[in-house]
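Written out below as structure tokens is the structure these notes cover.
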Amino acid sequence: MKRVITATVQNRSGVLNRITGLMQKRQFNIDSISVGKTEVEQISRMTFVVEVEDMQKLEQLTKQLHKQIDVLKVADITDHAIVARELALVKVVCPPASRSELQSIIAPFRASAVDISKDSMIVQVTGDSDKIEAFLELVRPYGIKELTRTGVTAFLRGHQPQTADGNTYSLITN
Amino acid sequence: MKVKAQAVQERNPAAKVPKTGADLFVEALQAAGVDTIFGYPGGAVLPIYDALYRAEPQFKHILTRHEQGAIHAAEGYARVSGKPGVVIATSGPGATNLITGIADAMMDSLPLVIFTGQVGRSVIGTDAFQESDVMGITTPITKHNYQVQRQEDMPRIVKEAFYIATTGRPGPVVIDIPKDISGEAYQTAVSSHAIHLPGYQPTTKPNSNQIKKLIQAIEEAKRPVLLTGAGVLHAKAAQEVENFAKHFKLPVASTLLGLGAFPASHPQFLGMGGMHGTYAANRALYECDLLINVGARFDDRLTGNLAHFAPEATIAHIDIDPAEIGKIIPTSIPVVSDAKAAIEALLAEESSATASEDWCNHLQQYKADFPLWYNNPVQDLTPQWVMQAVHKATDGKAIITTDVGQHQMWAAQYYGFDQPNRWVTSGGLGTMGFGFPAAIGAQLACPDSTVISIVGDGGFQMTMQELSVLQERRLPVKVLIVNNQSLGMVRQWQEFFYQERYSESLLNVQPDFIKLADSYSIKGVRLDTQEQLVQQLPSLLQSDEPVVIDCRVLRQENVFPMIAPGKGLHEMIGVSR
């Protein structure tokens, strides 16, 4: 099962290596990872999408992450109300004759053409992973020359429904 | 160029030298209360060794003859004293020679603070002479690691390293110090000495709900068992655990590393569990309906096949590391806590429950019916008998260190540890070459104790160069080689599981260990018979001098009983003759 896990970490050299190394050592599969600064200086936030077998493995992963000295907070936010987004840049084959046709695909996805050349167009699309998949499916027949994706970054929504029945176990208390 | 001969003649520790980053380092060690350092100099740590030279005699620096010897010695020192072991090595090969010891300390939760030299900051990343990526290499095998990037951070980093290494679940911390950081004159003021570790707050006090739940489980249990691990020793909780076990009349099984946490001679003690554990301990772990694990991590050598480990039991697990709880076995009563605090809280509940007499008698019957056994010929030395003779000669009070393998298991089975922190062995990593240097560290930590390094003839040859340290310091370590002229455990497995194809496990050619000892001006004695041993062993072990004892034991002796790989605790073989 896919889980979305966020971690706030001290922004020190080697911290990303420490965490990806830990996942490799403990045999966890990382689907995507995104890292960036937060509103607090010296604190970064990481969002992982990982593939785990069961809840026991998941618990082990969050505990191992939390054990790292540079990790301040770990949360599995999969079962909460979240906003999860990623960004993809797609270089699509696009002779001048196809431009308007591609534009008509871009518009409903609220994607944008960020670069146009003689025979290709770079499209930027943001959204949840399903939306990006759907978009890629539509432009694939035109020919995708290059593709890059940032991986998911995610937040808890400001308001959480009170009926949360997700796994809200705590890391430290018993 | 003319050599200035006069310059090298002077030896003046107090010579006026501007204060360098290395002096900050030395001050930080002093502040941490360090008195003993195990190390080996080299290019990238020249400034550090210069500062140590100038600071003499504030530290006892033990120059081992290989960096691996230094770190295993520091492990032995930490294991018996509970204090952090301190190691210094140079960059590149110096640092990489430490890797086995760092991994060993990580697996067995030993507090070490390790300083490695590094090339100067301006050439890091250029494949400079003796450069290696110490941060990258040690990240997966340390509790934490640092590279000092600014001189003014040195005091804080050293302080944090000692704090991290010795609190919570202990472990090794590496500090990588670039040569320019240690070598350059120190100008700016220290930024701050204060520890700043917002992401590190180990839980040490138990949750009272879980304590109540555990008490309730004890009251309801029909077949409870207490399993003691090394966490008891780290928490200095042996007395509390003994009180606890006595109060509830709990039968006690131990892990390999937990030996000494509960007195082996106590009637409630069933022995060590696991692959070469006693029948009684393993049956108790198999048949119990409540397993109270204090400070053990359910290592695979203890549990055997997980499907058959405590299949009917409610699992209660007291551990200071939350990540250990539920890692191997689903746990219904998790107690994240220091072992001492948890046991004190359990005793404070004043429950009057006791384990049922039927259950205790049942286990005592196993103990009586299926004790450890071996065939003892009249003359020849059997290794098991040697262990018992060592126990007798030392009244069971010696500090025993070992490597990994047959001799380790025999020592664990037959020495009978009644006191905590007397047993120094490489459990998790299973490191050959560990025992002898570890004995050096243990002897330095406990100068008045008898320290015996029980080693195999294979393992001893991996680190025997440290005989130099005994020679130099006249440390009275006793090296007892259980010499079966083979890599015994490898040979045993080849006999059982590879149809006696003894591939590369027979050491038919060996050095003359007596002459070897002699070349270091150390007394060497060879013992071939029981009679010789009875006559000579007591005085050899009581000597104030180092001794190497080459015990020629029966070559084909195997460790029993045994659980074959993949089998469960109830499937022991070699339980009786």
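Worth pointing out:
- Summed over the range B:213-237, the residues that are part of a helix (DSSP H, G or I), over 30 Å from B:Arg79 (Cα atoms) and in contact with an Asp or Glu (Cβ under 7 Å, 6 or more places away or on another chain) give a count of 1.
- Residue count for the range B:68-100, restricted to those that are in contact with a strand residue (DSSP E or B) (Cβ under 7 Å, 6 or more places away or on another chain), β-branched (Val, Ile, Thr) and part of a helix (DSSP H, G or I): 2
- Per the listing A:Ala134, A:Ala88, the residue uniquely assigned to a helix (DSSP H, G or I) and farther than 27 Å from B:Pro198 by Cβ is A:Ala134.
- Selection count, the range B:181-199, where residues are exposed (fewer than 14 other Cβ atoms within 10 Å of the Cβ), of a type in the set (Ser, Thr, Tyr) and either within 14 Å of another protein chain (Cβ to nearest Cβ) or within 30 Å of B:Gly42 (Cβ to Cβ) (or both): 2
- Selection of the range A:17-32 for residues being surrounded by fewer than 19 Cβ atoms within 10 Å (Cβ to Cβ) and touching a strand residue (DSSP E or B) at 6+ places or on another chain (Cβ under 6 Å) yields A:Met23, A:Asn29, A:Ile30, A:Asp31, A:Ser32.
- Of the criteria (1) surrounded by fewer than 24 Cβ atoms within 10 Å (Cβ to Cβ); (2) in a strand (DSSP E or B), which one B:Asn293 fails: (1)
- Filter result for B:Pro202 (buried (at least 20 other Cβ atoms within 10 Å of the Cβ), within 26 Å of the chain's Cα centre (by Cα) and part of a loop (DSSP other than H, G, I, E, B)): no
- Candidates B:Gly433, B:Gly427 - the one that is outside the structural domain of B:His266 (by TED's automatic domain parsing), on the phi > 0 side of the Ramachandran plot, in contact (Cβ under 8 Å) with a residue 40 or more places away in the chain and surrounded by 18 or more Cβ atoms within 10 Å (Cβ to Cβ): B:Gly433
- Residue in the range A:118-126 that is within 14 Å of another protein chain (Cβ to nearest Cβ) and touching a Pro at 6+ places or on another chain (Cβ under 6 Å) present: no
- Taking the listed residues A:Val49, A:Val74, A:Val35, A:Val40, the one that is free of Cβ contacts under 8 Å to residues at least 24 places away in the same chain, under 30 Å from B:Arg169 (Cβ atoms) and surrounded by 13 or more Cβ atoms within 10 Å (Cβ to Cβ) is A:Val35, with no other qualifying.
- Listed by position, the strands (runs of 3 or more DSSP E) enclosed by the range A:1-74 that each have at least 1 residues that are facing chain B (nearest Cβ under 10 Å) are A:2-10, A:43-51.
- Residues located in the range B:342-361, provided they are modelled with pLDDT of 95 or more and buried (at least 20 other Cβ atoms within 10 Å of the Cβ): B:Ala342, B:Ile343, B:Ala345, B:Leu346, B:Trp359
For every residue, the table says whether it meets (1) away from chain A (no Cβ under 14 Å); (2) buried (at least 17 other Cβ atoms within 10 Å of the Cβ); (3) small (Gly, Ala, Ser).
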| residue | (1), (2), (3) |
| --- | --- |
| B:Gly168 | no, yes, yes |
| B:Asp176 | no, yes, no |
| B:Lys179 | yes, yes, no |
| B:Leu233 | yes, yes, no |
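- Among the residues making up the range B:109-146, those that are within 14 Å of another protein chain (Cβ to nearest Cβ) and either without any contact (Cβ under 8 Å) to a residue 24 or more places away in the chain or among the small types (Gly, Ala, Ser) (or both) are B:Ser109, B:Gly125, B:Asp133, B:Gly136, B:Thr139, B:Pro140.
- Residues considered: B:Ile195, B:Ile164, B:Ile157, B:Ile175. Of these, the only one that is among the aliphatic types (A, V, I, L, M) and in contact with a Ser or Thr (Cβ under 9 Å, 6 or more places away or on another chain) is B:Ile175.
Residue-wise test of (1) under 27 Å from B:His391 (Cα atoms); (2) within 14 Å of another protein chain (Cβ to nearest Cβ); (3) in contact (Cβ under 8 Å) with a residue 24 or more places away in the chain.
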site	(1), (2), (3)
B:Phe269	yes, no, no
B:Tyr279	yes, no, yes
B:Cys288	no, no, yes
B:Asn305	no, no, yes
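- Residues in the range B:235-269 that are over 17 Å from the mean Cα position of the chain (by Cα) and of a type in the set (S, T, N, Q): B:Gln239, B:Asn243, B:Ser265, B:Gln268.
- Every residue from the range B:310-324 that is surrounded by fewer than 24 Cβ atoms within 10 Å (Cβ to Cβ) and either aliphatic (A, V, I, L, M) or more than 16 Å from B:Thr204 (Cβ to Cβ) (or both): B:Ala310, B:Pro311, B:Glu312, B:Ala313, B:Thr314, B:Ile315, B:Ala323
- Residues in the range B:200-231 that are of a type in the set (Ser, Thr, Tyr) and either within 14 Å of chain A (Cβ to nearest Cβ) or farther than 13 Å from B:Ile343 by Cβ (or both): B:Tyr200, B:Thr203, B:Thr204, B:Ser208.
The values are calculated or read from the model by the stated rules, or taken from the named source; none is laboratory data. Since the structure is predicted, the reported quantities are computational estimates derived from the model, not experimental observations. Reconstructed Cβ throughout: ideal geometry from the backbone, glycine too, with neighbour counts over all protein chains shown.
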